[in-house]
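Below: one structure, written as structure tokens.
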Amino acid sequence: MPEAVATRLIAPTGPGIAEAAALLRSGALVAFPTETVYGLGGDARSDLAVARIFAAKGRPRFNPLIVHVPDLAAAAAVAHVSPEAERLAAAFWPGPLTLVLPLREGAGLSPLVTAGNESVAIRVPAHPVAQALLRAFGGPLAAPSANPSGKVSPTRAAHVLAGLAGRVAAVVDGGPCAVGLESSIVALDPPRLLRPGGLPLEAIEACLGGPLASDPDPARPLAPGQLASHYAPAAALRLDAQAPVAGEVWIGFGTPVSGGALTLSASGDLVEAAANLFHALREADALAGPKGRIAVSPIPEKGLGRAINDRLRRAAAPR
């Protein structure tokens, strides 16, 4: 367990961004908002800062980290960007897409970031606070989700504090995350989906002009989110439930709920459901307690529903 620190809550103002950037330059950890979830940022060039990320999260060392940069030019400074990658970047960066690209020799990244792989996962976030922080910091930030490893991802500053207060120097409070699901992760040569996420599969395939294969290997992940058990609340989950049974906390979808039950989207909107997923899991977990049970309504396996179901299946997996 890392030595406890006093975690500051920083406003997303000019002085606040400057303070957060100074903390990062000193090797400290700062959580910040992106459009997907809150990231736990550390200098991707510093072995010490990256080691602190692993320690704060209790994260397995073989699980690589996503490097956040402000634009395509900064990505090209650390990775080889193929024409296919440029096409995806032009269409979806900044935004909820991570590309796994060949690591450029002399990129200067800590080897802890890539977990021994010869590739690096890179994203250009769209959130204005993330963009401002990256430009003020002036370098690449390693930034996995800002939560204890394997637990529910944070979409609000309060979620970060609930899991990491005392383990990180500061949290920049940028409000709730608009997308609410981690980024989609794509590797190329050949194109394949490593993790479904906030960018629908259909949009990626339309841009590339062909289907994406899917070949996650939990034994040696190339990118985050490939472990079989992940995003897990303390309570047990029952998925594809048509109705709750006695003692279960219910998370519905597509139908109005009453009596204190929760819903991802009463109207059946998958975008709304994605944005609400992790917050709803946290609320249900608090209601159920560590030995309780949560039942989740079926979610359509299309569009963002694929990513929602991916997170739910990993959250329900044996631990």
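Things worth noting here:
- Here is the figure for the stretch 246-274: residues that are part of a helix (DSSP H, G or I) and crowded, with 22+ Cβ neighbours inside 10 Å total 2.
- Of all residues making up the stretch 30-49, the number that are of a type in the set (Ser, Thr, Tyr) and over 19 Å from residue 178 (Cβ atoms): 1
- When 89, 49, 85, 21 are screened for being in a helix (DSSP H, G or I), open to solvent by less than 40 Å² (accessible area, probe 1.4 Å) and free of Cβ contacts under 8 Å to residues at least 60 places away in the same chain, only 89 passes.
- Flag for residue 132 being more than 29 Å from residue 303 (Cβ to Cβ), outside any strand (DSSP E or B) and either open to solvent by 10 Å² or more (accessible area, probe 1.4 Å) or not hydrophobic (A, V, I, L, M, F, W, C) (or both): yes
- For the stretch 6-18, residues that are open to solvent by 60 Å² or more (accessible area, probe 1.4 Å) and not in a loop (DSSP other than H, G, I, E, B) total 3.
- Residues of the stretch 26-46 satisfying the condition of being assigned to a loop (DSSP other than H, G, I, E, B), under 21 Å from residue 99 (Cβ atoms), touching a Ser or Thr at 6+ places or on another chain (Cβ under 7 Å) and open to solvent by less than 20 Å² (accessible area, probe 1.4 Å): 36, 37, 44
- Boolean, residue 110 is in contact (Cβ under 8 Å) with a residue 12 or more places away in the chain, closer than 25 Å to residue 316 by Cα and hydroxyl-bearing (Ser, Thr, Tyr): no
- Wholly enclosed strands (runs of 3 or more DSSP E) of the stretch 138-214 bearing at least 3 residues open to solvent by 40 Å² or more (accessible area, probe 1.4 Å): none
- Filtered residues of the stretch 303-316 (kept if open to solvent by 10 Å² or more (accessible area, probe 1.4 Å), of a type outside the set (Asp, Glu) and modelled with pLDDT under 90): 303, 304, 306, 314
- Total residues in the stretch 52-77 satisfying the condition of being over 24 Å from residue 160 (Cβ atoms) and open to solvent by less than 10 Å² (accessible area, probe 1.4 Å): the figure is 1.
- When residues of the stretch 96-126 are limited to those that are in contact with an Asp or Glu (Cβ under 7 Å, 6 or more places away or on another chain) and not in a helix (DSSP H, G or I), the one nearest to residue 185 (Cα to Cα): 96
- Among the residues of the stretch 233-274, those identified as within 17 Å of residue 293 (Cα to Cα) and of a type in the set (D, E, K, R) are 238, 240, 248.
- Meets criteria (open to solvent by less than 20 Å² (accessible area, probe 1.4 Å), at pLDDT 90 or above and in contact with a strand residue (DSSP E or B) (Cβ under 6 Å, 6 or more places away or on another chain)) for residue 299: no
- Residue in the stretch 72-80 that is on the phi > 0 side of the Ramachandran plot and not hydrophobic (A, V, I, L, M, F, W, C) present: no
- Residue 119 being open to solvent by 20 Å² or more (accessible area, probe 1.4 Å), out of contact with any Lys or Arg (no Cβ under 9 Å at 6 or more places or on another chain) and on the phi < 0 side of the Ramachandran plot: yes
- Residues being buried (at least 20 other Cβ atoms within 10 Å of the Cβ) and without any contact (Cβ under 8 Å) to a residue 12 or more places away in the chain - total across the stretch 275-296: 0
- Any hit, the stretch 72-91, residues being out of contact with any Phe, Trp or Tyr (no Cβ under 7 Å at 6 or more places or on another chain) and closer than 16 Å to residue 195 by Cβ: yes
The values are calculated or read from the model by the stated rules, or taken from the named source; none is laboratory data. The model shown is predicted, which means the values in this text are computed figures rather than measured ones. Every residue, glycine among them, receives a Cβ derived from its backbone with ideal geometry; neighbour counts consider all protein chains shown. Keep in mind that these areas ignore ligands, DNA and RNA; they rest on the heavy atoms of the full protein, side chains included. Shrake-Rupley method; radii C 1.70, N 1.55, O 1.52, S 1.80 Å.
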